[in-house]
1. Taking the stated definitions as given, is H81 within 22 Å of H117 (Cα to Cα), under 26 Å from the mean Cα position of the chain (by Cα), in a helix (DSSP H, G or I) and of a type outside the set (K, R)?
2. Please go through segment 20-38 and pick out each residue that is out of contact with any Asp or Glu (no Cβ under 9 Å at 6 or more places or on another chain) and surrounded by fewer than 17 Cβ atoms within 10 Å (Cβ to Cβ).
3. Tell me which of these P41 doesn't satisfy, since it passes every other one: (1) within 26 Å of the chain's Cα centre (by Cα); (2) surrounded by fewer than 14 Cβ atoms within 10 Å (Cβ to Cβ).
4. Out of the residues in segment 92-127 that are outside any loop (DSSP other than H, G, I, E, B) and of a type in the set (S, T, N, Q), which is nearest to I244 (Cα to Cα)?
5. So in segment 229-258, with the set limited to residues that are polar (S, T, N, Q) and modelled with pLDDT under 90, which one is farthest from the chain's Cα centre (by Cα)?
6. From the residues in segment 256-294 that are open to solvent by 50 Å² or more (accessible area, probe 1.4 Å) and of a type in the set (V, I, T), which one is nearest to L222 (Cα to Cα)?
7. Where residues in segment 7-19 are touching a residue at least 24 places away in the same chain (Cβ under 8 Å) and surrounded by fewer than 18 Cβ atoms within 10 Å (Cβ to Cβ), which of them is nearest to the chain's Cα centre (by Cα)?
8. Residues to consider are G89, G63; find the one that is in a loop (DSSP other than H, G, I, E, B) and under 19 Å from L23 (Cβ atoms).
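The values are calculated or read from the model by the stated rules, or taken from the named source; none is laboratory data. Just so we're clear, the structure is a prediction, and the values are computed from it rather than from any experiment. Glycine also receives a Cβ, built like all others from the backbone with ideal geometry; neighbour counts cover every protein chain displayed. Please note that ligands, DNA and RNA were not included when accessible areas were found on the heavy atoms of the full protein model with its side chains. Shrake-Rupley method; radii C 1.70, N 1.55, O 1.52, S 1.80 Å.
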Amino acid sequence: MIGAAGYIAPRHMTAIKDTGNRLVAALDPNDSVGIIDSFFPDAHFFVEFERFDRHIDKQRRRGAGIDYVAICSPNYLHDAHMRFALRAGADAICEKPLVLNPWNIDGIAEIEAESGHRVFNILQLRLHPAIRELRRRVAEAPAGKVFDVDLTYLTSRGNWYYTSWKGDIAKSGGVATNIGVHFFDMLAWVFGKRLDSRVHVLQTDAASGFLTYERARVRWFLSINQDHLPEAAKAAGKRTYRSILIEGEELEFSEGFTNLHTESYRDILAGGGFGIQESRASIEAVHDIRTAAPLGLAGDYHPLAAVAAKG
């Protein structure tokens, strides 16, 4: 595992354990990884990539090579760490976003072909029962039906966020990539090809825009600023708010997230999983958002865009 001290790493450790597998080696420059004791206390741990690399290579030459590398590192390092996994003779299971730029996918595809190994992306919303049911509902709707959707996701972050790599757009891809890429993947998976993208607000702490898909028109809003929370959420003392309105009807998907990483691992181990090309639509979407010139409050914009635009 690469990135063992990160926020998402325990979900991967849980998935590895719950699928009857073993974590044999982990890497992170941060040594606050006591969580490993709850899962795999016998795992070798490294804070330097060079020593980790040497250990993995030594095990491979002894005939005890690794099967998978779980990649939980910062977004901008995913590309390099996937390359490492493939060259080490392993498949990779990589957190989203797979890469920051669409053309990086092509480079990974070349190394996949050369190595004979694969990269799998964790796209766990595709496994959520409510999202799967929504996809079925859309597929069974009349051919010309285009759904009106409002997607809202706010997850408050403190000042630490801006100091960390997550606050650096060159490393995280910005707020739309860092907290929104799995939603953009879900939208394309459910509603088909993206036809148009307009960005109204693009800030360090928030982003909002309008997306047109084959089967949907989507107003979306993403934020890490607690001041942008709806008043009802603030009054309830909540720091997170998540909503998907479809034709004015709330999609209930607040539950069912607990074991989705484990289900993702089970799917991969059973011969399924989501490969790199299945990530392309969402990577293209967030890249286009990140490089867009914001239109401001013009046209059909998400109601909370006006809140963010006030500063």
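1. Values: within 22 Å of H117 (Cα to Cα): yes; under 26 Å from the mean Cα position of the chain (by Cα): yes; in a helix (DSSP H, G or I): yes; of a type outside the set (K, R): yes.
When the stated conditions are applied, H81 passes them.
2. Residues satisfying the conditions are G20, N30, D31, S32, G34, I35, D37, S38.
3. In the conditions (1) within 26 Å of the chain's Cα centre (by Cα); (2) surrounded by fewer than 14 Cβ atoms within 10 Å (Cβ to Cβ), P41 misses (1) alone.
4. Of segment 92-127, the ones outside any loop (DSSP other than H, G, I, E, B) are 92-94, 102-115, 119-121, 124-127.
The next check asks that each one be of a type in the set (S, T, N, Q); those that pass are 104, 115, 121, 124.
On the way: N104: 30, S115: 41, N121: 23, Q124: 17 Å.
Ranking the qualifying residues of segment 92-127, first place goes to Q124.
5. Kept after step one, since they are polar (S, T, N, Q), are these residues of segment 229-258: 240, 243, 254, 258.
Among the residues that remain, those that are also modelled with pLDDT under 90 are: 254, 258.
On the way: S254: 17, T258: 16 Å.
Ranking the candidates gives S254 first.
6. T291
7. Step one: filter segment 7-19 for residues touching a residue at least 24 places away in the same chain (Cβ under 8 Å), giving 8-16, 18-19.
When the remaining residues are screened for being surrounded by fewer than 18 Cβ atoms within 10 Å (Cβ to Cβ), the result is 8, 10, 14, 18-19.
Values: I8: 10, P10: 15, T14: 18, D18: 21, T19: 21 Å.
Filtering first and then ranking leaves I8.
8. On the way: G63 fails: under 19 Å from L23 (Cβ atoms).
It is G89.
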